[in-house]
Amino acid sequence: MNKMNRFFKSVLLAVGLGVSGSMLAAPAKAVVVIEAELQDWSFGGIFGRYDKNQLQRGFQVFQQSCAACHGAKQISFRNLSEEGGPAFSESQVKALAAEYTIIDPELEEGERPATPADNWPDPFPTIKDARAANNGAVPPDFSVLAKARGISQKFPAWALNYFTGYQEGGADYIYNLLVNFKDAPEGVDVLPGQYWNAYYGGTLAMASPLFDGMIDYEGDFPETVEQYALDVAAFMMWMAEPQLNSRKQMGFQVLVFLFVLTGLMIAVKRKLWSKVEH
Ligand code: HEC
């Protein structure tokens, strides 16, 4: 018995030492991952709505920077003129589509100008081409990317989200990623074709796609990386969830309906029980 005990003790000791040893030996992450700075989005909260002008600016950023590498397969040109989205006029969308070419091997010429019914054309003909142009990485399609990313929060912040209705994690992720391309901290080796991002807490195969002044905005909007990042993040959120406006409106109407129904039920209950002794 004693022997057994000693045996278990030494096994435990060995396991314990092994675990703590491996914790010490684990390559310490040289960086403190910075927390996301949450932005004040027009589409946040129960009454949130997309801001059409912001979506139009965001489209401009997408078209003039991101679309060189990222596709948006699920979006047709026509979607850009829909209510609740950037809502460009139909003639603007027609003119925009005509600037793009659709490759179609079934046609005699092999290609034709795009029409509003076409989906946004991919920037690279094949995945292989995408990889070759981007150091082996494939730029992800934007159609639903804003919904596929989110920020990580500590307790109690995430628990409060149930009450505040916070659903803008995707947009906050994209904004924070875009404004945090920095020089790598000392001691961190960055491979060729990789770029350090302080929010990502590591390197990725995309260099900062934005710099101050690169896109001309109409009106008085700052032409800064921060503003471009906000606008393109909002646009990507719209691409991923074009029905947000009507979803939030319906949610509010349901709340009003339930409120009125509760009032009616109380009145009915009072009336029915008014003649019963109790
Ligand atoms: C020169 C090509 C290029 C341009 C321009 C570009 N990207 Fe990228 N992007 C990439 C590549 C390549 C990746 C994949 C990176 C990886 O996996 O390491 C990527 C990845 C991303 C990701 C995903 C990061 C993650 O969480 O995995 C986001 C978000 C993104 N890009 C946003 C943008 C936005 C917004 C723009 C325009 C303002 C843009 N990109 C412009 C090449 C580009």
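Only one entry in Ala87, Ala67, Ala97 is modelled with pLDDT of 90 or more, outside the structural domain of Asn176 (by TED's automatic domain parsing) and in contact with a Pro (Cβ under 7 Å, 6 or more places away or on another chain), namely Ala97. When the stretch 36-95 is filtered for residues that are more than 12 Å from the ligand (Cβ to nearest atom), over 16 Å from the mean Cα position of the chain (by Cα) and among the aliphatic types (A, V, I, L, M), the ones remaining, listed by number, are Ile46, Leu80, Ala87, Val93, Ala95.
Would you point out the residue of the stretch 121-138, among those that are part of a loop (DSSP other than H, G, I, E, B) and of a type in the set (Gly, Ala, Ser), that is farthest from Ser208 (Cα to Cα)?
Top of the filtered list is Gly136.
Residue count for the stretch 96-125 satisfying the condition of being surrounded by fewer than 16 Cβ atoms within 10 Å (Cβ to Cβ) and within 16 Å of the ligand (Cβ to nearest atom): 1. Go through the residues of the stretch 198-205 one by one and say whether even a single one is farther than 23 Å from Leu38 by Cβ, in the same structural domain as Phe47 (by TED's automatic domain parsing) and either at pLDDT below 95 or within 11 Å of the ligand (Cβ to nearest atom) (or both). Yes, the stretch 198-205 contains at least one residue that is farther than 23 Å from Leu38 by Cβ, in the same structural domain as Phe47 (by TED's automatic domain parsing) and either at pLDDT below 95 or within 11 Å of the ligand (Cβ to nearest atom) (or both). Applying the criterion of being within 10 Å of the ligand (Cβ to nearest atom) and outside any loop (DSSP other than H, G, I, E, B) to the residues of the stretch 139-154, the residue that is nearest to Trp238 (Cα to Cα) is Ala146. Screening the candidates Val232, Val260, Val254 for the property of being farther than 30 Å from Asp172 by Cα and among the hydrophobic types (A, V, I, L, M, F, W, C) yields one hit, Val260. Take the residues of the stretch 228-278 that are among the polar types (S, T, N, Q) and free of Cβ contacts under 8 Å to residues at least 12 places away in the same chain: which is farthest from Gly84 (Cα to Cα)? Restricting to residues being among the polar types (S, T, N, Q) and free of Cβ contacts under 8 Å to residues at least 12 places away in the same chain, the top hit is Ser274. For beta carbons closer than 8 Å, sequence separation of 6+ or different chains, a first residue in the stretch 170-194 that is farther than 30 Å from Ala234 by Cα and a second that is of a type outside the set (A, V, I, L, M) and in a loop (DSSP other than H, G, I, E, B), the qualifying pairs are Pro192/Asn135. Residues being of a type in the set (Asp, Glu), assigned to a loop (DSSP other than H, G, I, E, B), under 17 Å from the mean Cα position of the chain (by Cα) and outside the structural domain of Phe252 (by TED's automatic domain parsing) are entirely absent from the stretch 100-108. Restricting Phe43, Phe59 to those that are closer than 19 Å to Tyr166 by Cβ and either touching a Cys at 6+ places or on another chain (Cβ under 9 Å) or at pLDDT 95 or above (or both) reduces the list to Phe43.
Within the stretch 58-71, residues that are outside any helix (DSSP H, G or I) reach partners that are among the hydroxyl-bearing types (Ser, Thr, Tyr) and more than 6 Å from the ligand (Cβ to nearest atom) with beta carbons closer than 9 Å, at six or more positions or on different chains, in the pairs Ser65/Tyr228; Gly71/Ser143. When residues in the stretch 206-218 are screened for being away from the ligand (no atom under 11 Å from the Cβ) and either under 17 Å from the mean Cα position of the chain (by Cα) or without any contact (Cβ under 8 Å) to a residue 60 or more places away in the chain (or both), 4 of them pass.
The values are calculated or read from the model by the stated rules, or taken from the named source; none is laboratory data. Only a predicted model underlies this, so the values are computations on that prediction, with no experimental measurement involved. No Cβ is skipped: glycine too gets one built from the backbone with ideal geometry, and neighbour counts run over all protein chains shown.
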